1. For the subset of the range A:416-430 comprising residues that are assigned to a helix (DSSP H, G or I) and facing chain B (nearest Cβ under 9 Å), which member is nearest to A:HIS307 (Cα to Cα)?
2. Quickly run through the range A:303-315 and pick out the residues that are within 7 Å of another protein chain (Cβ to nearest Cβ) and surrounded by 20 or more Cβ atoms within 10 Å (Cβ to Cβ).
3. Considering only the range A:418-433, state which residues are more than 16 Å from A:SER334 (Cβ to Cβ) and not acidic (Asp, Glu).
4. If you take the residues of the range B:177-193 that are surrounded by fewer than 20 Cβ atoms within 10 Å (Cβ to Cβ) and among the β-branched types (Val, Ile, Thr), which of them is modelled with the highest pLDDT?
5. Return the residue satisfying two criteria in turn: it lies in the range A:439-452 and is surrounded by fewer than 18 Cβ atoms within 10 Å (Cβ to Cβ) and either free of Cβ contacts under 8 Å to residues at least 60 places away in the same chain or not in a loop (DSSP other than H, G, I, E, B) (or both), and of such residues it is nearest to the other protein chains (Cβ to nearest Cβ).
6. Do any residues in the range A:225-242 that are more than 14 Å from chain B (Cβ to nearest Cβ) have Cβ atoms under 8 Å from those of residues that are among the charged types (D, E, K, R), where the two are at least six apart or on different chains, and which pairs are they?
7. For the range B:331-350, does any single residue satisfy the condition of being over 29 Å from B:GLU219 (Cα atoms) and facing chain A (nearest Cβ under 8 Å)?
8. From the list B:LEU318, B:LEU294, which residue is touching a residue at least 24 places away in the same chain (Cβ under 8 Å), within 7 Å of chain A (Cβ to nearest Cβ) and part of a helix (DSSP H, G or I)?
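The values are calculated or read from the model by the stated rules, or taken from the named source; none is laboratory data. All of these numbers come straight from a predicted model, not from anything done at the bench. Cβ placement follows ideal geometry from the backbone for every residue including glycine, while neighbour counts extend to all protein chains displayed.
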2 protein chains.
Amino acid sequence: METTTRLLLPEVRQALRDEPETLVALTEEMHPADLADIAVALEPELAQKFVGVLPIMVGARILEMCDEDKRAELFRGLAESDRGWALLVTEAMTADDRADLYAELPPALQASLLAEIAAEESRDIRLLLSYPEDSAGALLTTDFVGLPATATASEAIELVRANAEEMETIYQAYAVDKHGTLLGVVSLRDLVTTPADRTIDEIMNPNIVTINVDADQEEAARLMSKYDLMALPVVDRNHHIAGIITFDDVLDVVEEEATEDAHKIGAVDPLETSYIQTPIRQLVQARAPWLIALFIGVMATENVLEHYSDGSRMMLMLMWFVPLIISTGGNAGSQSATLIIRAIAVGKLSPKDNMNILKREFIVGAMLGLIIAGVGMLRVLATGSTRSYSMVMAISCSLMAVVMLGALLGSGVPLLLRRLRIDPAVSSTPFIASMVDIGGLIIYFEIAKLFF
Amino acid sequence: METTTRLLLPEVRQALRDEPETLVALTEEMHPADLADIAVALEPELAQKFVGVLPIMVGARILEMCDEDKRAELFRGLAESDRGWALLVTEAMTADDRADLYAELPPALQASLLAEIAAEESRDIRLLLSYPEDSAGALLTTDFVGLPATATASEAIELVRANAEEMETIYQAYAVDKHGTLLGVVSLRDLVTTPADRTIDEIMNPNIVTINVDADQEEAARLMSKYDLMALPVVDRNHHIAGIITFDDVLDVVEEEATEDAHKIGAVDPLETSYIQTPIRQLVQARAPWLIALFIGVMATENVLEHYSDGSRMMLMLMWFVPLIISTGGNAGSQSATLIIRAIAVGKLSPKDNMNILKREFIVGAMLGLIIAGVGMLRVLATGSTRSYSMVMAISCSLMAVVMLGALLGSGVPLLLRRLRIDPAVSSTPFIASMVDIGGLIIYFEIAKLFF
């Protein structure tokens, strides 16, 4: 929340109690996004009162700007007390946000509202609700400018002008034939800079970047980012235009996908809602399976340790270094996994880089391993410890080896997963660390055996 | 790279060898972003030949679309062999990309080119180069439409039309007084839908979201995402407009910042270039300090283990479970840290949530701890192991405790860092895991003492 909004909050609260109608003037110059911040910060009942007292158009904008979590709650509360308001606001909202809102409503309320609103809007919402979650279809808005290819530039500008009010963007218009087949794109920039009598099919760019309704929203974000698109047309199998995705929706997608990846790398199932809005039960559900799986995996460490235990004093002393060695290997593995998984996610690594990456990680791992082994040796020498020469050598060599193991597993496992068409992000850093734990212990004791 | 582009690559290679001039026709209908993909995929020499043979305007678009890493290399090679080309392309590029390109050139080449290009462009590049890296200033373009507040809508449309060619966007225009002070914003949508004789100061919206030139680029991305802005005006201390940031640049920023955060969470210094472009020496530099710091930190585990060692058989058996216990605690800590750091990064947690978060993590940690302790107990029972009752209890209770410790440190440390105004992302998951390693060992042996 911006500071100015925060400062206004007490005043809004006061007005809601004393004279709600003054709020219209108080908030007139505020951006709907800031009004949405206020609605989110208020207690549910006050928030409803706040949104309800403002003009319908402002209420619609606020709902468009609200966090998904809060929006449904706010709308539901108001819809229950003032049905007429709910219907008017539904009509005033943009097509994509409206459908998102309806998707979050309880089925009974959704159905009864859909039965009451105008047939056209109702059909539109039902259509958008039919697209799978996280698909390009679920992001699109049907409020776009379609133009006949035979229109002239000046006719087109008139058409744009006449429909501007209801459109999500008027800066890109789409030439379609009478079946709705997408023929080309023409920007308002082209329309205003071209001679008035040229026709759309002369001006339009027929080489359009499009996306299929069923494609993943991540692909939509990638295309819009790559081609610097303000709007991306979404088409069905017959190249009929279903709607457009606008740049503001795609910013949210990029952020959402980055959060999902971060969660996966941290061994948490991606959450549906923001952390603070997620009920505790769901947090446990998102974490427990991974924690249990990792726990069962790491159980093998006990067997490894038991296997190598021979009751000697030397072996006991070696045990003291176990956490140091395995956690250092795990850290190196986490670093590699983070670098590789993120580079894959942003599309900077092509499969033909695989061998190159493994070679690089081998070298980086060897250099890091040498450094760590050196630091470890220095430390033992500095403390004038009584450790034997063999001990120092065994530990240093093991450190070198586990850091290399970490670098190779941390890079190799994500690359292997991609090859198997599994999302590399599921090879979470804890997962890599656990693999290094087991492998690192075996390496450590095998190396120790060589020195004793 | 899109599949169609990949398929075209051999044909481009062939043409470059045999008859380069045919490339102009071959690539005429392709998007500059796809041409940039080709340039990046070609060997440096062929890439230079490819870009050099295309029209200047196309070359400029390709450079704008290229990865930062590749762009400077490509331009440098061409500038050395064809000075005239370099000067023309510089003038044809958009102001922001041009300045970014010049920032990456060797100082001598940069200086000599700046001396040769037109004074206006040279001044513009110098100005943009003067803004600090990762600041709003460094993202801005000076190619925006400024309008006198006294102009009428139809005059303004004429002005926009006349300057459209050179502008980054014409969909948002900015009303300025004769000193360059920003007065308001007016969209092309407003201009085309309003009566032709209304003046800008009647139509414009004076409540503008702006950002200071010195502000962080992350703040620019946050504002544009929050207010759904296609362009964000950047102002200096006197509210003079310095330029605008456009939506396409901000998509890159969101992705870049997510990558930076991911690297920090994985205990790697954020890289300046993409992973595959980063020289091995820099990869080692980005990783070694963190690895060493964590290594030195975890050294304490050896002292803890030595301290508790009494040479008994029981103590030896307890040692076998050390990796299992500390890695499970570390995993729980990684999960919490990931959730909290990401939630802070996307602005979903306000400082007043702190107590609430710790309470939630306490409960989640307790539930996860119970689950893991239960699984651990089942496993011991299932294997019909000879472990004593005390042993099973000590291990189960320790598991419960370290999972809770992980959840509390994983959430508490990032929150504490934010409070101290340090980026929470530096409390990397390996850092949390290392703290849990040390704490977990002490808890484990203290609990064991209670049972023996």
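1. Taking the range A:416-430 as the starting set, the residues that turn out to be assigned to a helix (DSSP H, G or I) are A:416-419, A:424-426, A:429-430.
Of the ones still in play, those that are also facing chain B (nearest Cβ under 9 Å) are A:429-430.
Numbers: A:THR429: 27, A:PRO430: 24 Å.
Within the range A:416-430, the match that is nearest to A:HIS307 (Cα to Cα) is A:PRO430.
2. Listed by number, the list holds a single entry, A:LEU305.
3. So in the range A:418-433, the residues more than 16 Å from A:SER334 (Cβ to Cβ) come out as A:418-423.
Listed by number, the residues that qualify are A:ARG418, A:ARG419, A:LEU420, A:ARG421, A:ILE422.
4. B:THR181
5. That would be A:ILE442.
6. Qualifying pairs under 8 Å: A:ALA242/A:ASP236.
7. Scanning the range B:331-350, I find at least one residue that is over 29 Å from B:GLU219 (Cα atoms) and facing chain A (nearest Cβ under 8 Å), so the answer is yes.
8. Numbers: B:LEU318 fails: within 7 Å of chain A (Cβ to nearest Cβ).
Residue meeting the stated conditions: B:LEU294.
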